[in-house]
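Let me begin by presenting the structure, written as structure tokens, before commenting on it.
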Amino acid sequence: MDQLAAFLDSLPVIGVLFQLVGYLVTTVPVIAPIFVALAAPVALGALCGIMNERSGVVNIGIEGMMLSSAFTAFLVAALVAQAMGPMTPSPVFGATIPILAGVAAAVAMGMLVSALHAWLSISIRADQIISGTIINILALGLTGYLNRLLISPNPRLGAGIFQPIALPGFLVDLPAIGWILKAFFAHGPIVISVLFLVVFLQIWLFRTRWGLRTRSVGEHPKAAETLGIDVIKLRYRNVILGGVFAGLAGAYLTLEQTGSFQNGMTGGRGFIALAAVIFGRWTPVGAFGAALLFYSFEALRVAISLTPPTGQLGDVLRAIPPEFYGSLPYVVTIVVLVAAGGRSIAPAADGQPYVREART
């Protein structure tokens with residue numbers, strides 16, 4: 001067996017591919033927590049998009065909602081920490097009152113911006129693409145200005161971050177499933193919550209009366225209205241609730257991943273979240289799987305930098321510029337959209353303003 005492996009390794013092209021497969025098999029259990037963490041904000045953004053589009057409202061403003069929530073989370077947490085002084089972190093996730101206040105503020109900001117989008121899209125009946133674009137541009141410019149005005153002059157401003165939970169050794173060492181448990185649960189509370197939120201929304205959307213009403217409003221709002229469903233109210237409620245997920249995504253970026261705020265730190269994650277919605281066929285589980293797929297390549301870049309492979313494979317991978325690996329999630333997103341675009345069918349009333357018929 002060893003002789004066969006050595007022979008395959010020696011082949012010019014097949015050998016490199018064989019080494020790559022072996023490298024992936026050995027490193028996937030190690031890097032799995034990395035790509036789950038990288039995919040978490042995209043998955044949360046995708047849940048926001050699903051809540052909107054299943055109700056018939058297109059939302060391309062997820063990027064702006066995440067960015068404004070990230071800024072708000074950091075600023076509020078930092079100001080509360082400054083007002084309260086030094087605090088002893090909780091033994092659970094290292095949580096403190098300032099960090100929790102920042103998360104709450106981020107969720108509130110996500111809901112507030114979502115309410116603005118709902119008002120423009122549902123009541124004003126503005127073009128929903130334009131509404132989302134306005135939110136993205138406004139969030140980028142306003143957070144950049146406020147960052148320079150409030151945060152940059154105070155480099156020591158901050159409140160810390162959530163700490164990942166340490167799983168018991170007997171769980172991590174379980175054969176076959178130990179690394180899976182570590183991948184999904186050896187994180188802070190926001191990343192851990194993603195899996196539960198995905199399952200909860202999947203069940204809620206396809207196994208409850210609310211889910212049936214939401215899907216009917218997204219498919220045929222006039223028929224839903226004849227059955228006594230208040231289309232306008234349901235759309236408002238779902239769009240605003242979708243802001244909760246965008247708010248959590250923003251809070252993750254500043255209060256669990258980095259502990260700081262940078263201009264434009266969402267880096268296109270809101271748009272990748274929209275791609276995950278489409279590739280996942282407007283289902284929470286599908287969108288979560290798409291987010292993991294997109295960021296598995298980013299995790300590979302991290303793995304190569306931490307544990308570089310040896311031999312011919314190492315020479316090939318080291319010759320590739322690091323920027324190439326950073327662009328892979330976006331390249332994969334484009335390829336996946338091209339491949340799945342014709343097979344993914346959006347809700348029939350998605351993006352169509354609803355005008356309630358006058359009663360005679």
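The values are calculated or read from the model by the stated rules, or taken from the named source; none is laboratory data. Small disclaimer: the values here were computed from a predicted structure and weren't measured. A quick note on method: Cβ atoms are made from the backbone with ideal geometry, for glycine too, and the neighbour counts reach across all protein chains shown. These accessible areas exclude ligands, DNA and RNA; they are computed on the full protein's heavy atoms, side chains included. Shrake-Rupley method; radii C 1.70, N 1.55, O 1.52, S 1.80 Å.
Worth a mention:
- Residues satisfying the criterion are present in segment 27-41 (criterion: closer than 20 Å to Ser114 by Cβ and either open to solvent by less than 50 Å² (accessible area, probe 1.4 Å) or at pLDDT below 90 (or both)).
- Boolean, Phe74 is aromatic (Phe, Trp, Tyr) and at pLDDT 95 or above: yes
- Scanning segment 108-149 for residues that are under 15 Å from Glu63 (Cβ atoms) and small (Gly, Ala, Ser) returns Gly110, Ser114, Ser131, Gly132, Ala139, Gly141, Gly144.
- Any hit, segment 280-293, residues being in a helix (DSSP H, G or I), out of contact with any Cys (no Cβ under 9 Å at 6 or more places or on another chain), more than 18 Å from Gly49 (Cβ to Cβ) and of a type outside the set (Ser, Thr, Tyr): no
- The set of residues from segment 166-201 being over 20 Å from Leu255 (Cα atoms), open to solvent by 50 Å² or more (accessible area, probe 1.4 Å) and not aliphatic (A, V, I, L, M) comprises Pro168, Phe170, Asp173, Pro175, Trp179, Lys182, Phe200.
- Remark: Leu67 matches the filter, which requires a residue to be open to solvent by less than 20 Å² (accessible area, probe 1.4 Å), assigned to a helix (DSSP H, G or I) and either in contact with a helix residue (DSSP H, G or I) (Cβ under 8 Å, 6 or more places away or on another chain) or touching a residue at least 12 places away in the same chain (Cβ under 8 Å) (or both).
- Within segment 265-313, the set of residues being of a type in the set (Gly, Ala, Ser), open to solvent by less than 30 Å² (accessible area, probe 1.4 Å) and in contact with a helix residue (DSSP H, G or I) (Cβ under 6 Å, 6 or more places away or on another chain) comprises Gly270, Ala273, Ala275, Ala276, Gly280, Ala287, Ala290, Ala291, Ala299, Ala303.
- Contact map, segment 80-108: residues that are open to solvent by less than 60 Å² (accessible area, probe 1.4 Å) paired with residues that are part of a helix (DSSP H, G or I) and among the aromatic types (Phe, Trp, Tyr), Cβ distance under 8 Å, separation 6+ or inter-chain. Pairs shown: Gly102/Phe74.
- Scanning segment 202-232 for residues that are hydroxyl-bearing (Ser, Thr, Tyr) and open to solvent by 20 Å² or more (accessible area, probe 1.4 Å) turns up Thr208, Ser216, Thr226.
- Residue within segment 334-345 that is touching a residue at least 40 places away in the same chain (Cβ under 8 Å), more than 18 Å from the chain's Cα centre (by Cα) and in a helix (DSSP H, G or I) present: yes
- Leading residue by the ranking (most open to solvent (accessible area, probe 1.4 Å)) among those in segment 120-162 that are touching an Asp or Glu at 6+ places or on another chain (Cβ under 9 Å) and within 30 Å of Val92 (Cα to Cα): Ile161
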